[in-house]
Amino acid sequence: MYHKLYQAFGPQYWWPGDTPFEVAVGAILTQNTNWRNVEKAIKKMKQQKMLSAKAIHEMPAAELALLIRPAGYFNIKAKRLKSFVGFLSNDFRGSMKRMKKDAMHPLREKLLNIHGIGPETADSILLYALEKPSFVIDAYTKRVLSRHKVMEHDRSYDDFQGLFHSTLQRDVQLFNEFHALFVQAGKTFCKRRVPLCDECPLDKWKAEDGIN
């Protein structure tokens, strides 16, 4: 699946962001919205020089909410950003470099204890901001895998993640690229309502190899 997707789409250069902190902020802001809206919010934060742990920590939540308004659910996301930055400040003196030095599994548990951060967001921060091999499972990944009968859609997040962790080498670049390719496949062909199966490189691969 990986090779067919890579052959079809090429490298995805994901996750977009100039710094690990920006990537972590993007992972929180992208909850329940599309990336274009997140880009608008991050652009506003950069323009006003507010894209830093110190600035967000000191900024009133109401002011932060207005700044990230393009990302939607801005009051909720402002609280989540404040919670993340509070954790970053208290545990790692505001430094993503210090956070990166923590072991992956204990750090994941710490992230999951932060208000508003679930498994997908925690793993996005671990993989894309901190370069730790924790595979991200999102709606696109579950949809592609379930439609190709790899795993039932209603299986848990941990079950889906375990599939990758148990069968692939724990490689950051591989996990990064594979997840990004699932996202691209979901957006381009494996659409939620009207999938374009006849055009999908995975369906062509199955037909060529006689896979049912």
statement: Screening K101, K110, K97 for residues that are basic (K, R) and within 20 Å of F175 (Cα to Cα) leaves only K101
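Residue by residue, here is whether (1) without any contact (Cβ under 8 Å) to a residue 24 or more places away in the chain; (2) buried (at least 18 other Cβ atoms within 10 Å of the Cβ); (3) not in a helix (DSSP H, G or I) holds:
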| position | (1), (2), (3) |
| --- | --- |
| H153 | yes, no, yes |
| D159 | yes, no, no |
| G162 | yes, no, no |
| H165 | no, no, no |
| E177 | no, yes, no |
| A185 | no, yes, no |
| C190 | no, yes, yes |
| R193 | yes, no, yes |
field: Qualifying positions in the stretch 31-88 - of a type in the set (K, R) and free of Cβ contacts under 8 Å to residues at least 40 places away in the same chain
entry: R36, K40, K43, K44, K46, K49, R69, K79, K82
- request: May I ask you to say which residue of I125, I76 is in contact with a Gly (Cβ under 9 Å, 6 or more places away or on another chain), of a type outside the set (F, W, Y) and part of a helix (DSSP H, G or I)?
  value: I76
statement: Requiring at least 1 residues that are surrounded by fewer than 17 Cβ atoms within 10 Å (Cβ to Cβ), the helices (runs of 4 or more DSSP H) wholly within the stretch 1-72 are 2-9, 35-47, 53-58, 61-67
query: Is it the case that some residue within the stretch 117-131 is surrounded by fewer than 15 Cβ atoms within 10 Å (Cβ to Cβ) and more than 28 Å from L181 (Cα to Cα)?
result: no
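All of the numbers you see were taken from the coordinates with simple rules; none came from a lab. This structure is a prediction, so every number in the text was calculated from the model and none was measured. Cβ atoms come from the backbone with ideal geometry, glycine included; neighbour counts cover every protein chain shown.
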